1. Counting DSSP beta bridges with both partners in the protein assembly as shown, what percentage is antiparallel, nearest 5?
2. Lysines near residue A:199 by alpha-carbon distance under 25 Å, same-chain residues fewer than 8 away left out - which ones?
3. Evaluate the distance, in nm, between pseudo-label points positioned 7 Å from the Cα of residue A:4 and of residue B:15 along their respective Cα→Cβ axes.
4. What is the list of residues in region B:143-174 whose amide nitrogen lies under 20 Å from a point 7 angstrom out from the Cα of residue B:43, following Cα to Cβ?
5. Going by C-beta contacts inside 10 Å, put A:229, B:323 in order with the fewest on the left.
6. Enumerate the calculated ³J(HN,Hα) couplings along region A:91-103 in order (Karplus 6.51 cos²θ - 1.76 cosθ + 1.60, θ = phi - 60°), each rounded to whole Hz, writing x wherever the residue is Gly or Pro.
7. Between residue A:68 and residue A:120, what length in nm is gained on full extension when 0.36 nm per residue of separation is reduced by their alpha carbon distance?
8. If R₀ is 45 angstrom, what is the calculated FRET efficiency for the pair residue A:198 and residue B:274, using the beta carbon separation as r and rounding to 0.05?
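Values quoted throughout were computed directly from the atomic coordinates according to the rules given, and no laboratory measurement underlies them. Because the structure is a prediction, the values reported are computed rather than measured. In this analysis, Cβ positions are derived from the backbone assuming ideal geometry, glycine residues included, and neighbour counts consider all displayed protein chains.
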Amino acid sequence: MADEILRLEGISKHFGGLSALQEVSFSVEGGEALGLVGPNGSGKTTLINVVCGLYTPNAGNIYLEGAKLGKTTPHKLAKSGINRTFQVPQPFASLTVRENVEIAAAHRRGDGMSVVEILDFVNLGKWAGQEAGSLNAAQQKRLDLGRALALNPKVLFVDELGAGLNPAELAEVAAMLRSLLNGGRALVVVEHLMGFLDKLVDRVIVLNAGREIFHGGLRSALDDGEVKRVFLGTVGA
Amino acid sequence: MLDSKGGGKPLAGLLRRKTLLLDLLAVAIPVIGFSFGLNFYSNELLLVYMMVYVALAHGINISYGFTGYLPFGYFGFFGAGAYGATLAILDLHVPALLGMLFGGVAGVLVGLLLLPLFRLRGAYFAIATLAAGEAVADIVANPSLQSITNGPYGENLASVYSSGQIYVAALVFMALALLAVVLVKNSRFGLSLRAIKESEYSAAMAGVNVVQLRSLAWVIAAAIAGVGGAIFGWATTVFYPSAVFDSAISVFAIVFALFGGTGSVWGPTLGTVLLYGLYSAVGLSSPQYFQLIYGLAIVGLILFAPRGLVGFGRAAVRRLSLRRAGANG
């Protein structure tokens, strides 16, 4: 059995009276891709924001390679091996594509891919000298991915990287993400596209209204009554 | 040669060297120009003030242009520097030139005191620094501190006045401020500051220690304002709190920086020389039209060159090269 990279225990997050996350728990192992699905507003991105230090959880603990993460800052989390991409890409628009990746690479602990290798990996080598703000949305998402990879993360949260891509591009991105699992990295993939997830993940967690309603294989999830109700609604309701 | 982390192509290295060379020229040309300035223009005090404002505009460049924090209360550091230097010269009897460093220290101390303001963002941050600057001014001008700061009655540095030393101090100060900007712009520190300006959280996820770096940028900007205030006070000789804790100082420095274009080494210098030159020319020759002409110049800037002169120039070059490429293609 591979080593556990990340474990969440009873994570809850409230915004005033709204419970965005309620006692969410899961773990992900090295070399594993875990899918995180749920309708809009189910708490997927909030969960990433909690794990990646943007929000402090109201309850629960997070463990990275068995070590409990206390209250810490996003840059320390990034350096210690947790990173993410963004649902709405967030490149440093006025910097060049190369500089976007260089910043992160400069803060990496240990070895990893060079900036050139990363840019080639995310198919942005041709645009290295161009301002990141001039890239299209799909390219900006790949740049987010490249920037995260520059820190050689142990666990990477990928937030809707496939949105807006055509089937050929989706297959390419799925293959790209799969190759990231080599070397013991763990992926947590947030996605609405089940076909994309099917090519990529081993199991999924389904969230609804901040609560975990399913945990298991993707095919089983698609047959699960509550998951169907959440995604498709109830006939005659 | 590629290193294991950064990597890079020879072209990128060449472009960086070219950029660094242009940036160093942006230091050398003003320094040479002001070194011979008195041969062409005899108003020494105006040239000293202009050099101080060039440096101040670059302080704004570091705080706002690179990091994204607009300090309307920048005059608080400036005034603290003027008083810090004056107290060191008059009470501690340090030589005037050394006193300028005390001005920088005073600016830094006020800057450190105001670090908690970084909990605020955008307009709230700008307004809070304005209030903090006024608060520092009120403390310094308080009659109950007359035994230390002379309260509202101002200070007099006539005993240490030396026009030659003041001019050289202003020149060296401006050169150091420009060099600081070149170093910031061409370093990983500067790159990280620009990332912070775009998105603090994304910068943090790229491993950037946002709190540490923006504080460092703030302290550098405060030190520049502190020394600037010290030289301004020395050159002015007799000054009152209202002269060195004047919000117009912040406004001028900000407008000069924005007019020239922030995030560059050329921009704030060009902005200061042109606008302060215009300000002085109109103010001396046609003071009745001063505010009208100055106001029109600023409105024109915002309408036609919102990224400043440097941004306007860059856009023009880009359009030209695209047109040429189109003609060749």
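1. Approximately 60 percent, going by the DSSP bridge assignments.
2. Excluding near neighbours in sequence, the set is A:44, A:141, A:154, A:228.
3. 4.6 nm
4. Under 20 Å, as judged by backbone N against the label point of residue B:43, lie B:163-164, B:166-168, B:170-171 of region B:143-174.
5. Least to most surrounded, the residues fall as B:323, A:229.
6. x, 7, 4, 7, 8, 6, 4, 4, 5, 4, 7, 4, 4
7. Length gained, residue A:68 through residue A:120: 15.2 nm.
8. After rounding to 0.05, the efficiency reads 0.10.
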